[in-house]
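The values are calculated or read from the model by the stated rules, or taken from the named source; none is laboratory data. What you see is a predicted model, and the numbers here were worked out from it, not measured in a lab. Quick reminder, even Gly has a Cβ in these numbers, built from the backbone with ideal geometry, and neighbours come from all protein chains shown.
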Amino acid sequence: MPTSSGASRARPSFSAATDVYARSNALYHTYGQVNGLHRISRPPLPKIHQNSSATRSNSASSSQLRQQQRAKSTSCLNGDSVLLPSRKLPPDPAAAGHHRGANGSNAAASSSSTSAGRSVNGRRRSSVSLHERGMVGLSNLGNTCYMNSMVQCLSHTRPLLELLMRSSSESIDPPPGRLAAAYQRLMRDMWSSSAAAVISPTELRSRLAKFAPRFRGSGQQDSQECLRYLLEGLHEDLSRNSERHPRLPAIDYDQLDRLSDSEKSLVLWQRYTKLENSPIVDIFVGQLKSTLQCCECGHKSTTFDPFWDLALSIPRGSRVSLAACLDLFTDPETLDGNERPKCDKCKTRRRCLKSFCLYRLPTILVIHLKRFSGERYRTKLNTLVDYPFDLDLSEFVDTDLRGKQPAHYSLYAVSEHSGTPMGGHYTAIVRHAYAIDRWVAFSDASVRRSSESAVVSSQGYVLFYERTKRSHTDYN
């Protein structure tokens, strides 16, 4: 059962009264916090723009364009390797002697193991072609469809997959007995050429419950919250810092306020990445610019905050575009009445305009559609959000940075929710990490081929986009 659908953002203040270290540290651990989760969101606003370049029509020529791209950049199967022009398939754990079961046992050595080496009915898949590696079902361990859905989405997140599947000379070795070690073993099991048709993610479930006790037992949970805890656990276990919370010298706010936006952004970003330094941050975290403008004197104040995902409110209507959700997020909002902040120049509380824009874009952009609301999140919006396969975020990036960083993204995974908030089911539909025109639908142990036409639906809940130098429709 979904327990959270988003969090109201703490409002930026004109007065810089706290140390940046404390603010940055608190930001990561409590900023926009709901049940220990961190996300970026904002309340619904009435103004909606339906027309935006962020949403493109899915034309009839999409399949042809994908085939052309595949002819240029997709894999060539040869023996036990997949050759890619820019990426290599992670080494086969089975061939490298790394194949271990989901519970840590050697699947090749024990045919009676309940690990990755066997399917639920005890039968191995007779043959697995290389471009079908990773198409493995996950056993439901008792209302764990929320976790299975997110694991399948993350399994085909190529930067994360390749980080954990590097060759032995470049491998990352998470601390034993931790969540990251369990996740790495599961990925190696799922991507092994000798993988079973269905794997039991017992060890990962156990480590997740230890890291976040809310996942103990067999109660229904929210897939988006599961994602945040999974990423936080991976981040902590793979941290490059020798100290968990390194101390940095206080920053001079007067000097900071004299910097340009680009300089201020860089200072705060470098500070944040020193505090929270891990490859997970490198992959998933971006930076948001918040602006307050006094309606009386015109004084502006800007702050820059990291975000791990964007939680977007859904406008009213039976069908809306993702661009409309992004417009709702970035449109200026008037702060008045009890919400008036203090203007540093006027020295009193004033009516202000608050606005947000994207400043530093992440490699992997996670978008959370806020479908659940109301008391204990018992209300669900079944609005069809028309999320595009190719997403252009240029118009939502700060005007000074437009054209200076890649802003095109390609959709590759969707965590879906069907049913009601009190009794639903989570599934995933994923574009195979190494077969760009192949979509796969996962529902716990069930795995089936799908199609592009099935990707966009009213069940879409958490969207995964990978940044590209240009849209795949531009490769023609």
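Key figures for this structure:
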| read-out | value |
| --- | --- |
| Candidate set from the stretch 448-470 (those that are in contact (Cβ under 8 Å) with a residue 60 or more places away in the chain and among the charged types (D, E, K, R)); member that is nearest to Pro159 (Cα to Cα) | Glu466 |
| Flag if Glu452 is among the acidic types (Asp, Glu) and crowded, with 21+ Cβ neighbours inside 10 Å | no |
| Filter pass, Tyr434 being buried (at least 22 other Cβ atoms within 10 Å of the Cβ), closer than 15 Å to Arg371 by Cα and of a type outside the set (S, T, N, Q) | no |
| Selection count where residues are more than 27 Å from Lys300 (Cβ to Cβ), basic (Lys, Arg) and in contact (Cβ under 8 Å) with a residue 60 or more places away in the chain, scope the stretch 244-289 | 1 |
| Looking only at the stretch 283-317, and only at residues there that are polar (S, T, N, Q) and in contact with a Leu (Cβ under 7 Å, 6 or more places away or on another chain), the one that is modelled with the highest pLDDT | Ser313 |
| Selection within the stretch 224-251 - at pLDDT below 95 and of a type in the set (A, V, I, L, M, F, W, C) | Leu238, Leu248, Ala250, Ile251 |
| Tabulated pairs, the stretch 359-384, first within 30 Å of Leu268 (Cα to Cα), second small (Gly, Ala, Ser) and at pLDDT below 90, C-beta under 9 angstrom, 6+ apart or interchain | His368/Ser5; His368/Gly6; His368/Ser41; Leu369/Ser5; Lys370/Ser5; Lys370/Gly6; Lys370/Ser41 |
| Evaluation of Ile199 against (1) over 30 Å from Gln459 (Cα atoms); (2) surrounded by 23 or more Cβ atoms within 10 Å (Cβ to Cβ) (one fails), failing number | (1) |
| Long-range neighbours under 7 Å by Cβ, at least six apart or interchain, first residue free of Cβ contacts under 8 Å to residues at least 60 places away in the same chain within the stretch 171-185, second assigned to a loop (DSSP other than H, G, I, E, B) | Ala180/Pro174; Ala180/Leu238; Ala181/Pro174; Ala181/Pro175; Gln184/Pro174 |
| Strands (runs of 3 or more DSSP E) contained entirely in the stretch 351-456, each with at least 1 residues that are modelled with pLDDT under 95, touching a Leu at 6+ places or on another chain (Cβ under 9 Å) and not hydroxyl-bearing (Ser, Thr, Tyr) | 352-360 |
